[in-house]
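The values are calculated or read from the model by the stated rules, or taken from the named source; none is laboratory data. The shown structure was predicted, so the numbers you read here are calculated from the model rather than taken from an experiment. Using ideal geometry, Cβ is built from the backbone for each residue, glycine included, and neighbour counts are taken over all protein chains shown. For accessibility, only protein heavy atoms count, side chains too; no ligands or nucleic acids. Shrake-Rupley method; radii C 1.70, N 1.55, O 1.52, S 1.80 Å.
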Amino acid sequence: MVKLLLEQGHSPIVFDNLSTGHEEAVPAELLALGDLRDKSSLRRVLAEHSFDAVMHFAAKSIVPESVADPAAYYENNVIGTLNLLDAMREEGVQRFVFSSTAAVYGNPVSHAGAASGAQASSSLIDEQHSLAPLNPYGRSKLQVEQALQDYAAAYGFRSVCFRYFNAAGADPSGELGESHDPETHLIPNTLRAVLGTGPQLKVFGDDYATPDGTCVRDYIHVNDLADAHLRALLHMRDNEGAHVFNLGNGVGFSVKEVLNAAEEVTGQPVPHEMAPRRAGDADMLVADSAKARSVLGWQPGFTDVREIIETAWRWHKDQRF
Ligand code: UFG
């Protein structure tokens, strides 16, 4: 996002406690160290610059961890965000883009007979779908979404919530990509298993209500997510209120399909084993993103999971940090 904002002539500042972020990922002069749980550091940074908007990406975001340690999730994701919103109101910054998640939906209400892979799924989730998160992570994000509706009504606060489906891939340049310790996400774990820099891949559960029994997800490239955020800035310039958009490709891939695609992209076998289900996983999450397409004019550029894996492969082969 920072790279894109700079390319577009914006002047971003990055506020991060580096608990999971990497100093090397952003130009040093743009980095302000601080913690969302510490209001004074937020106020200081907001007061030092004249911001048009805040894009809030920082969160704890690992579903099984949220099941094991919900307190950390409510503290970082809910209290941390309310601190940020308070500080913004005090400093007169009234526009906010929020990284929400498909995890706010829970299991799709009707998904029987849905297909995966190249065929269109019959159970796409749109923004009107009921909100029934299966885990504390999803609940923490939903609570913020609800607060944003109230803030819009009471304070004229403008916001865009993006419900990301599965953020994946790396900058095609190969210079930026994901780097987590421990790594929990499917695509990096698959590629690390191929490279031998991680353990063999565990496929968590093959008895889900999906065509091949493994979980189906909608993988969306990080650069497509960044592009949507730019469009959100324009949208908030012209529109009051709190707006919610799904961001996904609208095509689901099962864990086994991702594994096969990774073998195609790398030309190497993915060492793997079957393992029990992981706590908090929904069977199938595939986005209907028609609203983002029609209202924001958003059009994902990476529509095939192979292309997404290719960018991640470029990064992981020569990971810089
Ligand atoms: N999986 C494996 N083995 C692994 C890692 C993942 O089988 O080593 C499976 C998971 O069980 C799941 C699928 O691959 O079925 C995708 O898992 P990820 O951990 O890559 O992603 P999640 O779907 O759990 O999480 C993502 C985002 C969350 C968001 C969630 C919505 O990271 O922020 O989608 O469910 F909340």
Pick from the stretch 210-226 the residues that are in a helix (DSSP H, G or I) and open to solvent by 40 Å² or more (accessible area, probe 1.4 Å): which of them is farthest from the ligand (Cβ to nearest atom)? 223
The stretch 62-89: number of residues that are within 16 Å of residue 133 (Cα to Cα) and touching a helix residue (DSSP H, G or I) at 6+ places or on another chain (Cβ under 6 Å): 7
State the number of residues belonging to the stretch 168-187 that are open to solvent by 60 Å² or more (accessible area, probe 1.4 Å) and either acidic (Asp, Glu) or over 13 Å from residue 318 (Cα atoms) (or both). 5
Just to verify a result, which residue in the stretch 236-263, among those that are under 20 Å from the mean Cα position of the chain (by Cα) and in a helix (DSSP H, G or I), is surrounded by the most Cβ atoms within 10 Å (Cβ to Cβ)? 258
Filtered residues of the stretch 282-306 (kept if buried (at least 21 other Cβ atoms within 10 Å of the Cβ) and more than 30 Å from residue 237 (Cβ to Cβ)): 282, 284, 285, 286, 305
In the stretch 152-168, what residues are aliphatic (A, V, I, L, M) and part of a strand (DSSP E or B)? 160, 167, 168
Positions within the stretch 182-195 being without any contact (Cβ under 8 Å) to a residue 24 or more places away in the chain and touching a helix residue (DSSP H, G or I) at 6+ places or on another chain (Cβ under 9 Å), in sequence order: 183
Hey, any hits in the stretch 45-55 for a residue that's under 22 Å from the mean Cα position of the chain (by Cα), part of a helix (DSSP H, G or I) and not aromatic (Phe, Trp, Tyr)? no
The stretch 188-202: number of residues that are more than 8 Å from the ligand (Cβ to nearest atom) and open to solvent by 40 Å² or more (accessible area, probe 1.4 Å): 6
Please list, ordered by first then second residue, the pairs with beta carbon atoms under 6 Å, 6 or more apart or interchain, first in the stretch 196-210 and among the hydroxyl-bearing types (Ser, Thr, Tyr), second near the ligand (Cβ under 6 Å from one of its atoms). 208/215
Residue tally, condition of a type in the set (D, E, K, R) and within 21 Å of residue 61 (Cβ to Cβ), over the stretch 4-43: 6
Counted residues in the stretch 148-175 being within 27 Å of residue 88 (Cβ to Cβ) and either aliphatic (A, V, I, L, M) or away from the ligand (no atom under 16 Å from the Cβ) (or both) come to 14
In the stretch 264-294, anything outside any loop (DSSP other than H, G, I, E, B) and free of Cβ contacts under 8 Å to residues at least 12 places away in the same chain is listed as 293, 294
Could you pull out the residue among 282, 262 that is under 20 Å from residue 104 (Cα atoms) and within 16 Å of the ligand (Cβ to nearest atom)? 282
Can you find, within the stretch 56-79, the residue that is most open to solvent (accessible area, probe 1.4 Å) among those that are not polar (S, T, N, Q) and not in a helix (DSSP H, G or I)? 57
Residue match in the stretch 228-241 (condition: in contact with a Gly (Cβ under 7 Å, 6 or more places away or on another chain), under 18 Å from residue 163 (Cβ atoms) and more than 16 Å from the ligand (Cβ to nearest atom)): yes
